[in-house]
1. Working only within segment 91-105, note down all residues that are in a helix (DSSP H, G or I) and under 23 Å from Arg121 (Cα atoms).
2. Of everything in segment 197-233 that's part of a strand (DSSP E or B) and touching a residue at least 40 places away in the same chain (Cβ under 8 Å), which residue is farthest from the chain's Cα centre (by Cα)?
3. Restricting to segment 385-407, give me the number of residues that are surrounded by 19 or more Cβ atoms within 10 Å (Cβ to Cβ) and more than 23 Å from the chain's Cα centre (by Cα).
4. Filter segment 276-317 down to residues that are among the basic types (Lys, Arg) and more than 13 Å from the ligand (Cβ to nearest atom) and give me whichever is nearest to Ile361 (Cα to Cα).
5. Which one is farthest from the ligand (Cβ to nearest atom), of the residues in segment 336-352 that are crowded, with 16+ Cβ neighbours inside 10 Å and in a loop (DSSP other than H, G, I, E, B)?
6. Examine segment 10-20 for a residue that is among the hydrophobic types (A, V, I, L, M, F, W, C) and more than 16 Å from the ligand (Cβ to nearest atom), and state whether such a residue exists.
7. Please tell me if Leu298 is closer than 17 Å to Tyr166 by Cα, part of a helix (DSSP H, G or I) and in contact with a strand residue (DSSP E or B) (Cβ under 9 Å, 6 or more places away or on another chain).
8. Does Phe169 meet the test of being in a helix (DSSP H, G or I) and among the aromatic types (Phe, Trp, Tyr)?
Amino acid sequence: MPSVYIKTYGCQMTERDSESVAAQLVAKGYSLAASESVADVVLLNTCSVRDMAEQKAIGKMQNIAADVRRNRPDVILGFMGCMAQSRGQRLIDQLPDVDLVVGTQKFHRAADYIDDILSGRRQKIVETDAEQGSEAAIREHLLHGQAQRGRSVSAFVSIMQGCNQYCTFCIVPYTRGEERSRSILDIVAECRELAQGGVKEITLLGQIVTSYGKRDIPARDGKSAFVQFIEAAHEIEGLERIRFTSPHPKGYGADLVAAYARLPKLCPSAHLPLQSGSDRVLKAMHRGYTRARFLEILSQLRHVQPEIGLTTDIIVGFPGETAEDFNDTISLINEAQFDNAYLFKYSQRKDTTAAEMPGQIADELKEERHARALERINAIGRRRYESQVGKTAQILVEGPSKNNPARYMGRTRCNKIVLFDGSPRHQGQVMDVKITRTGSFTLYGDPAILNLE
Ligand code: 5AD
């Protein structure tokens, strides 16, 4: 059977989609190749959220077409995911070496498409239509054997797809479609199978995960569908940790805040995308909250879980962002004291309202603001990481560290990475370590010190 290599550009959702396609191919008898240079099928799973991500994937495909195709003309080349969805046929027009374009509601059909091309039934395939029920098709996992490092103790579970928020900067509603949620029963069954296979931590995924089930499952006892689902997952035996990403701040009602206090498996960490600290810009972005409301959510979360790990996404250089707006973002960064933040320079995206707004910001100014915000985020992050030194943290050990296989890597409940001198016997363990020092957004721990005390 042929071998396949999937390279992923993008978010956890995209990674999860790749894993599920790989699992489907493996189930059909394909093997997973170690690199594109030896694979029979090369798939790039792509991101559209910023132009740079798209250019990276296109550049990679050009290189593959030039290098791999020259020696092995029968290799199948395909794009999947958000960029495949938004560009469709135009990808093949631009890169005639590409055989296959698989949209975001067709991942589960990728194996059939590849079969069609390999058997000569079809030559070029572009499939980007919406498909009812596709949200429930990201279900297969690669837990053993050819799994990527760490996956067998921690797994991603896709619970909903799409987004109806239409933030004015964001392409996601156009690439992922309308919000569609799986049923609680179906997801719980998947999580139960994972737990039976040894998974101890699940991360629930969705483009706006806090809107899970909003249209189909009525609130009960003041609890949103999302909180009802977390409660159901919390009952699963063997699961020790529950996380989710990405939420929208508007999803942090009293029910979700209370869940952090009430449900011990719900890890005290949240990635809460802020985008801007200016009320004027938040409104133009169509975010649906104010700076004061955002800060209120952080303080409510810290009230119920004082050690909670808080991270965010921030965009600098949104159209019309004045010096004053940007200063509001800096002051919010100072006030919020995030553990880490992902900073993005605004990128004009196809079909979005903001792309047409007046007051587009020059690249140099975006650079300058990016550098200023980054300096603050790094300084605050460093202090927050250093404050962990000397403390004991519970980690779930995922496996050897990527950069230095002599070290092992785990995550604290607050979602900070901890490296320590470990061995295969630590893999998958939930254990306590003493934090001894910090690196850049990394903690170093020692399990032995605890035993000496
Ligand atoms: N330009 C820059 N950053 C963007 N993001 C989304 N769309 C854009 C864009 N057009 C960022 C947001 C989001 C993260 C995933 O990517 O901060 O939370």
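1. The first filter runs over segment 91-105 and keeps only residues in a helix (DSSP H, G or I), leaving 91-94.
Scanning segment 91-105 gives Leu91, Ile92, Asp93.
2. Residue satisfying both the conditions and the ranking: Glu201.
3. 2
4. Selected residue: Arg280.
5. So the first thing to find is which residues in segment 336-352 are crowded, with 16+ Cβ neighbours inside 10 Å, and the list is 336, 338-341, 343-347, 349, 352.
Applying the additional criterion that residues be in a loop (DSSP other than H, G, I, E, B) yields 338-339, 346-347, 349, 352.
Details: Phe338: 13, Asp339: 16, Tyr346: 5, Ser347: 4, Arg349: 5, Thr352: 7 Å.
Going through the qualifying residues, I end up with Asp339.
6. no
7. Values: closer than 17 Å to Tyr166 by Cα: no; part of a helix (DSSP H, G or I): yes; in contact with a strand residue (DSSP E or B) (Cβ under 9 Å, 6 or more places away or on another chain): yes.
No, not satisfied.
8. no
The values are calculated or read from the model by the stated rules, or taken from the named source; none is laboratory data. Here the structure is a predicted model, which means the values were calculated and not measured. As a convention, Cβ positions derive from the backbone with ideal geometry for all residues, glycine included, and neighbour counts pool all protein chains shown.
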